[in-house]
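Below: one structure, written as structure tokens.
The values are calculated or read from the model by the stated rules, or taken from the named source; none is laboratory data. Values in this document were obtained by computation on a predicted structure and should not be read as measured data. Every residue, glycine among them, receives a Cβ derived from its backbone with ideal geometry; neighbour counts consider all protein chains shown. Protein only, heavy atoms only, side chains kept; ligands, DNA and RNA dropped before computing areas. Shrake-Rupley method; radii C 1.70, N 1.55, O 1.52, S 1.80 Å.
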Amino acid sequence: MSAKKEGAHGGTPGSPVPASWGIEPVPERLRVLSFFDSLLLWGNLSVSLLVIVIGALLVPALSLRDALLAIVVGALAGNLLLALAALIGADGRVPGMVLLRAPLGRRGSFAPTLLNVAQNLGWSTFELIIIATAAAALSNHIFGFSGKWLWTLAFGVLSWGLGLLGPIGFVRRYLRKFASWALLFSMAYLTYWAISKSHLHAFWAQPGKGGFPTFGQAVDLVIGSVVSWTPLAADYTRFSRGRRGAFWGAGLGYFVPTIWCIGLGVLIVLARGVSDAQTLPAAVAAAGGIAFVALAAITIDESEKAFADIYSTAVSVQNLVPRMSQRLLITIVSAAATGLALALNLGNYQDFLYLLGSFFVPLFGVLLADWLLAGAHYTADRIFEAPALRLEQCLAWLVGFGLYQWLSPSGPHWWRTLIDHTHPGYVSFTASLPSFAAAFALSALAALLTRRPRAAFART
């Protein structure tokens, strides 16, 4: 690849590591992220005030024992899918939405691309809202002035700056040097802050009150929070040195903090009585002392998640308009997320997670089945020379989505009202796993029935 073309991807001509890379397969010399780098990246991305708040959604409907079991089951299932998505990304060496050209076709990948852009923009907005809320609580505690709008703008600019670094610069210049260690300190102290007021024996013996969520719905909440990263995984693991490091780095890196964060959220509700995302920062800030410092560190760390969502939104849009500047897209998305964060609040956070799960769990089932039947390896031809549309695979995805929604409706009120006339009631078991299994099986069957010679993938 010529130096001129390298420069078109965000670096300077002849630079060893461009700040950004487009949708073409990443060359071997830029596959520099090690297992440790992946572990740091996914470990940092998994720690979030928004993830902690998921624990607040599980109790008191579930007992502490059932809530922790749901967290472990959901984390195991979700992180296995995430690790596989990371592995496929390292194998294909292209962004997540570009990978979907292989199972769905070039134009077939446009629908999940638009959904992924919407979910990333939503996550970016939620992240900036919770960051600004936490920063405002800290500012009010010190200066008597919250200035939430000002913090929204400030962290919007910071997230934009991190987005311009690209995945390699983000890991090497930011995470390795100081961010990971500050985050570890924050989580350790917040855990102490929660446990110091916990009566664990009494909490363990206390039964759940029932209602929403059921055990299965709690598992789906956890799965949904993890699986929302599967469409983004390849955006980062395409820079990994190998498939094994990408698999274990993402799987282990995200798994342990997921259990830690959501379990911490459960304890904070039980011990501190804090059950709302927007009141959590104020409660921690009111404790003062080291808790105050820990909240400040985790608030700054929260900008990492906004970075990831903003960066992946830009990369996803490039699946639709490959020649559009990634830096310009990052700037546009950052401005849009900041504007939405100024205008909105967290709203129905759990409904957002369920809706994401219903879209992306079966979508990954289709991708995994197609990748396995391709010999567990995607070539550039299979991705870039795919037909315009593989209708049978798109239908397998839609069936999986329909099954999830039938078992556990989520979305606008009119949609849930419509499904209420047909579905069997909110099931006590998970909707994610049947949805994934159905999409996987139908996709595999369709691929076997329609298998053609390699020439069939040539552009028509």
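Under the rule a/c < 1.5 gives rounded, and otherwise a/b versus b/c splits prolate from oblate, where does region 310-376 land using the Cα gyration tensor? Let's see the in-between values first.
Values: a/c = 4.59, a/b = 1.29, b/c = 3.56.
Since a/c reaches 1.5 but b/c is at least a/b, the shape of region 310-376 is classed as oblate.
Put Trp248, Trp160, Trp397 in order of accessible area, largest first, 1.4 Å probe: what do you get?
Values: Trp248 125, Trp160 90, Trp397 20 Å².
The most accessible residue leads, giving Trp248, Trp160, Trp397.
Solvent-accessible area per residue for region 48-175 at a 1.4 Å probe radius, Å²?
Details: 3780 Å² over 128 residues.
About 30 Å² of surface per residue is accessible.
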Average accessible surface area per residue within region 332-422, 1.4 Å rolling probe, Å²: 42 Å²
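Hey, if we sort Arg416, Arg327 by accessible area with the 1.4 Å probe, largest down, what's the order?
Details: Arg416 65, Arg327 95 Å².
Of Arg416, Arg327, the descending order of accessible area is Arg327, Arg416.
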Alpha-carbon Rg with Dmax, taken over region 60-151, Å: 19.8, 56
Length released on extending from Asp420 to Leu320, taking residue separation times 0.36 nm less the Cα-Cα span: 32.4 nm
Average accessible area per residue (Å²) across region 189-235 - probe 1.4 Å, nucleic acids and ligands excluded: 42 Å²
Solvent accessible area, Å² - Met324, 1.4 Å probe, full protein context: 70 Å²
Unit charges on C-beta of K, R, D, E only; dipole of region 16-118, Debye: 260 debye
Dimensionless Rg ratio for region 58-104, taking C-alpha atoms and the 2.2 N^0.38 Å reference: 1.70
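Using a 1.4 Å probe and counting only protein heavy atoms, arrange Glu24, Glu302 so the residue with the most accessible area comes first. Intermediate values should be presented prior to the final figure.
Numbers: Glu24 55, Glu302 0 Å².
Largest accessible area first, the residues go Glu24, Glu302.
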R0 of 30 Å, Cβ-Cβ distance Val256-Leu114: FRET efficiency to nearest 0.05: 0.35
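Gain in length, Val293 to Lys209, computed as 0.36 nm per residue apart minus the alpha-carbon separation, to one decimal in nm?
Values: separation 84, 0.36 × 84 = 30.24 nm, distance 3.49 nm.
Gain on stretching Val293 to Lys209: 26.7 nm.
For region 57-114, which whole-number percentage of the solvent-accessible area (1.4 Å probe, protein heavy atoms only) is attributable to carbon and sulfur atoms? Working shown, then result.
On the way: 1040 of 1520 Å².
Its accessible area is 68 percent carbon and sulfur atoms.
At 1.4 Å probe size, with the rest of the protein present, what percent of the exposed accessible area of region 204-254 is carbon and sulfur atoms?
Numbers: 1060 of 1750 Å².
The C+S portion of the solvent-accessible surface of region 204-254 is 61 percent.
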Leu33 long-range amide H proximity, modeled H, under 5 Å: Ser240, Arg241
